[in-house]
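Only one structure is covered here, and it is reproduced in the block below.
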Amino acid sequence: MRNVIIAGNWKMYKDMTATAELIEGLKSRLTSLPPRVTVVICPPFTSLAIAGTLLKGSPLALGAQNMSQHDEGAFTGEISWNMIRSAGCEYVILGHSERRQYFGEKDELINTKAKKAIASMLKPILCVGETLAEREQGITDRIITAQVRGVLSGLTRAEMSSVVIAYEPVWAIGTGKTATPAQAQEVHQMIRKLVSQIYDWPLAEQTVIQYGGSVKPDNAAELFSQNDIDGALVGGACLKADSFAAIVNAAK
Ligand code: PEP
């Protein structure tokens with residue numbers, strides 16, 4: 001059975017006080033997790049240090065929402081792998097559609113960051129997804145194939161053991177429109193087959209492929225019941241302890 005990873009992308013929400021409140025709420029609701037289930041919270045950069053401190057001794061892991069491809073230097077406003085690791089991060093979300101859309105991030109840069117993250121002992125959550133226009137044109141497979149090949153380019157089989165892929169149809173992010181379980185499963189199966197073609201089946205079988213896009217407590221269990229859906233990357237519903245804990249409990 002594959003591992004399941006539920007990650008909460010807090011985006012640009014929660015100051016330090018609100019971070020502490022949400023973490024306390026999560027810790028009281030998620031006191032233990034089955035060994036195959038990992039829960040990651042990804043607060044904003046300014047909350048990572050306090051989150052790292054508060055999460056010590058809890059079963060919850062910490063992730064960042066982005067990182068620089070550079071080690072250090074004159075890159076105003078950027079945050080390095082070393083900074084997020086020293087705050088306690090084990091994971092980093094890379095190539096979220098909002099980074100692609102608003103900050104011009106392309107597959108090549110996401111791939112460079114992924115290599116840097118893995119070399120720095122961080123596990124990258126690599127996001128891919130088609131827009132509504134692309135789905136309506138019937139080119140979802142082509143878009144996803146190009147993105148997956150692009151973000152994984154040059155990664156060795158050994159490096160792939162750290163990689164998480166998140167399929168997030170752009171039209172379902174923050175819109176309340178969820179892909180149906182069947183629509184999501186179809187793309188997840190396609191991604192797994194593609195990973196098997198780039199590497200091999202045993203590796204593809206182990207690769208965690210999360211679904212993201214308006215995952216809520218009332219649709220999580222059905223999504224998680226699909227063969228190739230191994231957890232979720234959650235936006236809106238991770239901002240409240242009750243709803244995020246309910247999504248995690250749907251995966252147990
Ligand atoms: C996301 O930000 O990755 C996301 C999936 O958001 P939401 O759950 O709000 O659609």
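The values are calculated or read from the model by the stated rules, or taken from the named source; none is laboratory data. Since this is a predicted model, take the numbers as computed values, not measurements. Reconstructed Cβ throughout: ideal geometry from the backbone, glycine too, with neighbour counts over all protein chains shown. Heavy atoms of the whole protein, side chains included, go into the accessibility calculation; ligands, DNA and RNA do not. Shrake-Rupley method; radii C 1.70, N 1.55, O 1.52, S 1.80 Å.
Measuring nothing but protein heavy atoms, the accessible surface of the stretch 18-122 at 1.4 Å probe radius is 53 percent carbon and sulfur.
The fraction of all Cα pairs in the stretch 4-249 landing in successive 10 Å bins from 0 to the largest distance is 8, 34, 39, 18, 2, given as whole percents. Among the lysines of the stretch 19-156, pairs at least eight places apart or on separate chains and with Cα atoms under 24 Å apart come to 8.
The trypsin sites (Lys or Arg not before Pro) of the stretch 1-101 that DSSP puts in a loop, and whose beta carbon has at most 11 other beta carbons within 10 Å, are Lys56. Across the stretch 13-71, Cα-Cα pairs more than 18 Å apart make up 34 percent of the total. By accessible area, using a 1.4 Å probe on protein heavy atoms only, the stretch 155-252 has 50% of its surface on carbon and sulfur.
Based on every Cα atom in the stretch 77-151, Rg and the maximum pairwise Cα distance Dmax equal 13.8, 44 Å. When the chain is treated as a GNM with alpha-carbon contacts under 10 Å, the residue of Ala158, Ala74, Ala184 showing the greatest mean-square fluctuation is Ala74. Building the convex hull from the alpha-carbon atoms of the stretch 135-195 and averaging its projection over directions returns 4.7 nm². Between Ala182 and Ser86, the contour length at 0.36 nm per residue exceeds the alpha carbon distance by 30.5 nm. In this structure the chain gives 45 Å² per residue of accessible area when probed at 1.4 Å with all protein chains present. Entry note, the chain: relative contact order of 21 percent, from Cα contacts under 8 Å with a spacing of 6+ residues.
With the chain treated as a Gaussian network of Cα nodes joined by springs under 10 Å, which of Lys113, Lys216, Lys193 yields the largest mean-square fluctuation? It is Lys193. Note on the stretch 176-252 and the stretch 79-96: Cα centroid distance 22 Å, given to the nearest whole angstrom. For the chain, a Gaussian network of Cα nodes joined below 10 Å ranks Leu155, Leu26, Leu62 by mean-square fluctuation, and the top entry is Leu155. Let me know the shape class of the stretch 154-235, please: from the alpha-carbon gyration tensor, a ≥ b ≥ c as square roots of the eigenvalues, rounded when a/c is under 1.5, otherwise prolate if a/b is greater than b/c, or oblate. It comes out prolate by the Cα gyration axes. Relative to the globular-protein estimate of 2.2 N^0.38 Å, the Cα radius of gyration of the stretch 57-201 stands at 1.07.
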